[in-house]
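Enquirer: One structure follows; several queries about it will come next.
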Amino acid sequence: MTVMSVDEVVGELRDGMTVGIGGWGSRRKPMALVRAICRAGLRDLTLVSYGGPDVGLLVAAGCVRRVVTGFVSLDSIPLEPHFARARQHGEIALLEYDEGMLYWGLLAAANRLPFLPIRAGLGSDVLRVNPHLRTVRSPYADSSDLVAMPAVTLDAALVHLNRADRRGNARYLGPDPYFDDLFCLAARRRFVSCERLVSTAELVNEGPPQGLLLNRMMVDGVVETPHGAHFTSCVPDYGRDESFQREYATADWATFRATYLDGDEDDYQKAVAAREPS
Amino acid sequence: MSQADVCVVACAEAWRGDGAVLASTTGVVPRLGARLAQLTFAPDLLLTDGEATLLHDDEPEGWLPYRAVFGVVAAGTRHVMMGASQLDRFGNQNISCIGDWHRPTRQLLGVRGAPGNTVNHTTSYWVPRHEPRVFVEHVDMVSGIGHDRGAAEIRVVVTNLAVLDFATPDRSMRLRSVHPGVSVAEVQAATGFPLTVPAFVEVTREPTPAELEIIEHLDPDGLR
């Protein structure tokens, strides 16, 4: 377990890796790490995500070969423009699962199981467009057929939590843990960015014990990135920056990239702070 | 009373008799419907704020993060009202993409939880614009499954024109009621497949004065 910089985390990643990204839609995404991957120009990544602007940014930056997901959405803006455009131009591959199937795939990986049975997907075109998926028959008296959801194993997991200590223990302060613990448990290398690095005592005292979602068994590197989930929500530290999200969704990519992504994370945060409120 | 108020009540009616199940919604009108149902004839319904907090008449009463919602889905104690970009006569729904999935002409949301919802528990649909490009012979990507593919129960489809159900021998779509001022012919013309029409088609019931008062209270800014 080490405290790292954003660039050191990205330095652990390689072209072609399968990278899981925590959060949900446009909520508590490790955006500082995502931005750094865009800058580093990694290629051919497979992204596993309950998708939001993390997927959109990396697709727009040309880092992605394939997306594994049940949806990609900005929540308050239903469709992710970069993801949609790339799909419509045939630029990326998609492994489309029901949301619950993806949960089950991460759970299988976390439990070192090859698959877990689930009803979700039966009868739907998820099985048609994913011909690798198989069903299994229950060996018990019910003899029912179920989808054998394969383990979704990750080379690396990137998640963003509100607080962490230097050992890699971490806490969420918002209402939902999402699936960040499962992303870490399903991954070979696990990296956590956080709003604030605090002492272990402060981490423990900042809320109830069940909010301590990650422990140091589940984490290989931790990085402090204040406002690192921007422009997604990271409540209670901050909500989604809706005005910035609208700019992101409507700006042409070259302009957005030049304005916000050509410098480093400090430059990004300065450019955000300098925006006129709209 | 507006057409939207009729639609809110028609959505609310979907949950009548459901007991203590999770009512999940997408869209303003279904959400108002679920809240109206909870405040009137379906007091046992559970609602969330769209995130992890369970609400009863806007007051928190519990915690239900997404991972717990998937447990509720699998247990079957949920009745969701989803949207539909396409819907066929058996209630197969598409919210994923338009055109060939391999390279869609229009990428939409993705299948989201629709496959798991429809195979596990009761599902209804809200279609704010009843038109032939929504009500199609075949959907491009079966996200939510219909009765011919093993759906648990597709209960009703509420649109801006009518209420449709599946009370036919093969559980295909049937016109249950037309909203006040809407003709059967209008609904048929807006539906891209032959619709079963009973000999006598009811008119969707209008909100009571008490219901109108609640709807106004729940939506003072008129988002509906």
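The values are calculated or read from the model by the stated rules, or taken from the named source; none is laboratory data. Just so we're clear, the structure is a prediction, and the values are computed from it rather than from any experiment. Using ideal geometry, Cβ is built from the backbone for each residue, glycine included, and neighbour counts are taken over all protein chains shown. Quick note on the areas: whole protein, heavy atoms, side chains included, nothing else; ligands and nucleic acids left out. Shrake-Rupley method; radii C 1.70, N 1.55, O 1.52, S 1.80 Å.
Enquirer: Of the residues that sit in segment B:114-127 and are open to solvent by 10 Å² or more (accessible area, probe 1.4 Å) and either under 12 Å from residue B:141 (Cα atoms) or in contact with a helix residue (DSSP H, G or I) (Cβ under 7 Å, 6 or more places away or on another chain) (or both), which one is farthest from the other protein chains (Cβ to nearest Cβ)?
Expert: Among them, the one singled out is B:126.
Enquirer: Counting just the residues of segment A:29-53 that are in contact with a helix residue (DSSP H, G or I) (Cβ under 8 Å, 6 or more places away or on another chain) and open to solvent by 10 Å² or more (accessible area, probe 1.4 Å), which one comes out farthest from residue A:261 (Cα to Cα)?
Expert: Here the answer is A:42.
Enquirer: In addition: Which condition number does residue A:59 fail, the rest of (1) of a type in the set (A, V, I, L, M); (2) within 12 Å of chain B (Cβ to nearest Cβ); (3) part of a loop (DSSP other than H, G, I, E, B); (4) under 17 Å from the mean Cα position of the chain (by Cα) being met?
Expert: (3)
Enquirer: A follow-up question, please. Would you be able to tell me the number of residues in segment B:39-62 that are touching a helix residue (DSSP H, G or I) at 6+ places or on another chain (Cβ under 9 Å) and away from chain A (no Cβ under 14 Å)?
Expert: Number of matching residues: 12.
Enquirer: If residue B:36 satisfies every condition in (1) open to solvent by less than 30 Å² (accessible area, probe 1.4 Å); (2) at pLDDT below 95 but one, which is the exception?
Expert: (2)
Enquirer: Residue under question is residue B:206, and the condition is that it be modelled with pLDDT of 95 or more, surrounded by fewer than 19 Cβ atoms within 10 Å (Cβ to Cβ) and within 15 Å of the chain's Cα centre (by Cα); does it hold?
Expert: Details: modelled with pLDDT of 95 or more: yes; surrounded by fewer than 19 Cβ atoms within 10 Å (Cβ to Cβ): yes; within 15 Å of the chain's Cα centre (by Cα): no.
The answer is no for residue B:206.
Enquirer: Here are some residues: B:224, B:174. Which one is of a type outside the set (Val, Ile, Thr) and in contact with a strand residue (DSSP E or B) (Cβ under 6 Å, 6 or more places away or on another chain)?
Expert: Among B:224, B:174, only B:174 is of a type outside the set (Val, Ile, Thr) and in contact with a strand residue (DSSP E or B) (Cβ under 6 Å, 6 or more places away or on another chain).
Enquirer: Can you tell me which residue within segment A:64-76, out of those that are touching a Lys or Arg at 6+ places or on another chain (Cβ under 8 Å) and surrounded by fewer than 22 Cβ atoms within 10 Å (Cβ to Cβ), is nearest to residue A:103 (Cα to Cα)?
Expert: Among those that are touching a Lys or Arg at 6+ places or on another chain (Cβ under 8 Å) and surrounded by fewer than 22 Cβ atoms within 10 Å (Cβ to Cβ), it is A:75.
Enquirer: Go through the residues of segment B:39-53 one by one and say whether even a single one is touching a residue at least 60 places away in the same chain (Cβ under 8 Å) and crowded, with 17+ Cβ neighbours inside 10 Å.
Expert: Within segment B:39-53, one or more residues are touching a residue at least 60 places away in the same chain (Cβ under 8 Å) and crowded, with 17+ Cβ neighbours inside 10 Å.
Enquirer: Filtering segment A:77-111 down to residues that are in a loop (DSSP other than H, G, I, E, B) and more than 11 Å from chain B (Cβ to nearest Cβ), which residue is least open to solvent (accessible area, probe 1.4 Å)? Walk me through how you get there before you give the answer.
Expert: Residues of segment A:77-111 that are in a loop (DSSP other than H, G, I, E, B), as a first pass: A:77-80, A:89-92, A:97-98, A:111.
Next cut, more than 11 Å from chain B (Cβ to nearest Cβ) only: A:77, A:111.
Numbers: A:77: 44, A:111: 89 Å².
It comes out as A:77.
Enquirer: Could you run through segment B:159-189 and say how many residues are open to solvent by less than 30 Å² (accessible area, probe 1.4 Å), of a type in the set (S, T, N, Q) and not in a strand (DSSP E or B)?
Expert: So the answer is 2.
Enquirer: Could you please give the count of residues in segment B:128-150 that are crowded, with 23+ Cβ neighbours inside 10 Å, at the interface with chain A (Cβ under 8 Å from one of its Cβ atoms) and free of Cβ contacts under 8 Å to residues at least 60 places away in the same chain?
Expert: 4
Enquirer: I would also like to ask the following. Give the residues of segment A:212-253 that are open to solvent by 60 Å² or more (accessible area, probe 1.4 Å), farther than 17 Å from residue A:195 by Cα and outside any helix (DSSP H, G or I), sorted by residue number.
Expert: Answer for segment A:212-253, where residues must be open to solvent by 60 Å² or more (accessible area, probe 1.4 Å), farther than 17 Å from residue A:195 by Cα and outside any helix (DSSP H, G or I): just A:252.
Enquirer: Which of the following residues is part of a loop (DSSP other than H, G, I, E, B), at negative phi, in contact with a strand residue (DSSP E or B) (Cβ under 9 Å, 6 or more places away or on another chain) and of a type outside the set (Val, Ile, Thr): B:115, B:104?
Expert: B:104
Enquirer: Say we look at segment B:81-104 and pick out the residues that are of a type in the set (Gly, Ala, Ser) and more than 10 Å from chain A (Cβ to nearest Cβ); which of these is farthest from residue B:30 (Cα to Cα)?
Expert: B:91
Enquirer: Quick check, is residue A:128 out of contact with any Gly (no Cβ under 6 Å at 6 or more places or on another chain), more than 24 Å from residue B:71 (Cβ to Cβ), away from chain B (no Cβ under 12 Å) and basic (Lys, Arg)?
Expert: Judged against the criteria, residue A:128 is not a match.
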